[in-house]
Amino acid sequence: MAAAAGCTLEDNVAQVRAAGNLEDRPLIVLTSPKQFDYDDPAQTKEASVFFEIWVHQLQPQLAHLSTRGRQVVVPDASFGIPYEEPEAVVRAVREVVTEVRAARH
(Lines give C-alpha, C1' and ligand atoms only; values in the text may rest on other atoms or scores of the structure.)
Protein backbone atom coordinates (compact mmCIF):
# COMPACT_ATOMS: atom_id res chain seq x y z
CA MET A 1 0.00 0.00 0.00
CA ALA A 2 2.59 2.56 1.03
CA ALA A 3 4.87 1.33 -1.73
CA ALA A 4 2.03 1.87 -4.20
CA ALA A 5 1.88 5.49 -3.06
CA GLY A 6 5.57 5.85 -3.91
CA CYS A 7 7.05 5.44 -0.45
CA THR A 8 7.40 2.92 2.32
CA LEU A 9 6.41 3.18 5.95
CA GLU A 10 10.10 3.36 6.81
CA ASP A 11 10.50 6.30 4.39
CA ASN A 12 7.65 8.14 6.12
CA VAL A 13 9.05 7.48 9.59
CA ALA A 14 12.47 8.74 8.49
CA GLN A 15 10.94 11.91 7.01
CA VAL A 16 9.02 12.68 10.21
CA ARG A 17 12.12 12.16 12.33
CA ALA A 18 14.26 14.29 10.01
CA ALA A 19 11.83 17.21 10.01
CA GLY A 20 13.31 18.70 13.16
CA ASN A 21 11.62 21.34 15.30
CA LEU A 22 9.38 24.02 13.80
CA GLU A 23 9.32 25.98 17.08
CA ASP A 24 6.17 28.14 17.20
CA ARG A 25 5.39 28.25 13.49
CA PRO A 26 1.72 27.55 12.79
CA LEU A 27 1.16 24.07 11.40
CA ILE A 28 -1.98 22.16 10.45
CA VAL A 29 -1.78 18.47 9.58
CA LEU A 30 -4.87 17.36 7.65
CA THR A 31 -5.88 13.75 8.26
CA SER A 32 -8.35 11.39 6.65
CA PRO A 33 -10.24 9.05 8.98
CA LYS A 34 -10.86 6.50 6.22
CA GLN A 35 -8.75 3.40 5.85
CA PHE A 36 -7.79 1.86 2.54
CA ASP A 37 -9.77 -1.13 1.37
CA TYR A 38 -8.44 -3.49 -1.28
CA ASP A 39 -9.81 -6.62 -2.94
CA ASP A 40 -6.79 -8.51 -1.62
CA PRO A 41 -7.15 -9.21 2.14
CA ALA A 42 -3.37 -9.24 2.64
CA GLN A 43 -3.07 -5.83 1.01
CA THR A 44 -5.96 -4.50 3.11
CA LYS A 45 -4.25 -5.78 6.27
CA GLU A 46 -0.98 -4.07 5.30
CA ALA A 47 -2.89 -0.87 4.57
CA SER A 48 -4.63 -1.07 7.95
CA VAL A 49 -1.31 -1.37 9.79
CA PHE A 50 0.09 1.55 7.80
CA PHE A 51 -3.05 3.62 8.49
CA GLU A 52 -2.86 3.07 12.25
CA ILE A 53 0.79 4.12 12.36
CA TRP A 54 0.34 7.01 9.93
CA VAL A 55 -2.79 8.53 11.51
CA HIS A 56 -2.22 7.76 15.17
CA GLN A 57 1.57 8.08 15.42
CA LEU A 58 3.28 9.84 12.52
CA GLN A 59 0.76 12.60 11.80
CA PRO A 60 0.47 13.58 15.48
CA GLN A 61 4.28 13.62 15.63
CA LEU A 62 4.27 15.99 12.66
CA ALA A 63 1.75 18.26 14.36
CA HIS A 64 3.88 18.30 17.52
CA LEU A 65 6.92 19.56 15.61
CA SER A 66 5.47 23.01 16.29
CA THR A 67 4.15 24.33 19.57
CA ARG A 68 1.28 25.73 17.48
CA GLY A 69 0.74 22.59 15.42
CA ARG A 70 -2.43 20.56 15.35
CA GLN A 71 -3.96 17.63 13.55
CA VAL A 72 -7.34 18.23 11.87
CA VAL A 73 -9.46 15.30 10.75
CA VAL A 74 -11.25 15.85 7.42
CA PRO A 75 -14.26 13.53 7.89
CA ASP A 76 -15.33 12.97 4.28
CA ALA A 77 -11.86 12.64 2.76
CA SER A 78 -9.81 9.57 2.01
CA PHE A 79 -6.30 9.44 0.53
CA GLY A 80 -6.67 12.49 -1.75
CA ILE A 81 -7.63 15.34 0.59
CA PRO A 82 -6.58 18.10 -1.86
CA TYR A 83 -8.77 16.59 -4.58
CA GLU A 84 -11.68 15.38 -2.48
CA GLU A 85 -11.92 18.22 0.04
CA PRO A 86 -10.06 21.22 -1.43
CA GLU A 87 -11.93 23.61 0.86
CA ALA A 88 -10.32 21.92 3.87
CA VAL A 89 -6.92 22.67 2.38
CA VAL A 90 -7.91 26.26 1.60
CA ARG A 91 -9.19 26.76 5.19
CA ALA A 92 -5.99 25.33 6.65
CA VAL A 93 -3.78 27.53 4.47
CA ARG A 94 -5.85 30.61 5.32
CA GLU A 95 -5.62 29.83 9.04
CA VAL A 96 -1.85 29.46 8.87
CA VAL A 97 -1.45 32.66 6.83
CA THR A 98 -3.69 34.56 9.26
CA GLU A 99 -1.67 33.30 12.23
CA VAL A 100 1.63 34.24 10.58
CA ARG A 101 0.39 37.72 9.72
CA ALA A 102 -0.99 38.27 13.23
CA ALA A 103 2.33 37.27 14.77
CA ARG A 104 4.16 39.87 12.67
CA HIS A 105 2.05 42.77 13.96
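The values are calculated or read from the model by the stated rules, or taken from the named source; none is laboratory data. Every value quoted in this text rests on a predicted model; they were computed, and no experiment measured them. Heads up, the Cβs are rebuilt from the backbone with ideal geometry, glycines too, and the neighbour counts pull from every protein chain shown.
Quick notes
- Segment 25-69, residues that are under 24 Å from residue 90 (Cα atoms) and of a type in the set (S, T, N, Q): 31, 32, 35, 59, 61, 66, 67
- Only one of 96, 100, 73 that is surrounded by fewer than 17 Cβ atoms within 10 Å (Cβ to Cβ), in contact with a strand residue (DSSP E or B) (Cβ under 9 Å, 6 or more places away or on another chain), touching a residue at least 12 places away in the same chain (Cβ under 8 Å) and farther than 20 Å from residue 21 by Cα: 73
- No other residue among 89, 55 is more than 18 Å from residue 24 (Cβ to Cβ), at pLDDT 95 or above and in contact with a Pro (Cβ under 8 Å, 6 or more places away or on another chain) apart from 89.
- Residue among 91, 25 that alone is surrounded by 15 or more Cβ atoms within 10 Å (Cβ to Cβ) and without any contact (Cβ under 8 Å) to a residue 40 or more places away in the chain: 91
- Residues of segment 13-32 satisfying the condition of being part of a loop (DSSP other than H, G, I, E, B) and modelled with pLDDT of 90 or more: 32
- Residue list for segment 36-48, filter: under 23 Å from residue 82 (Cα atoms), of a type outside the set (Ser, Thr, Tyr) and either more than 17 Å from the chain's Cα centre (by Cα) or surrounded by fewer than 17 Cβ atoms within 10 Å (Cβ to Cβ) (or both): 37
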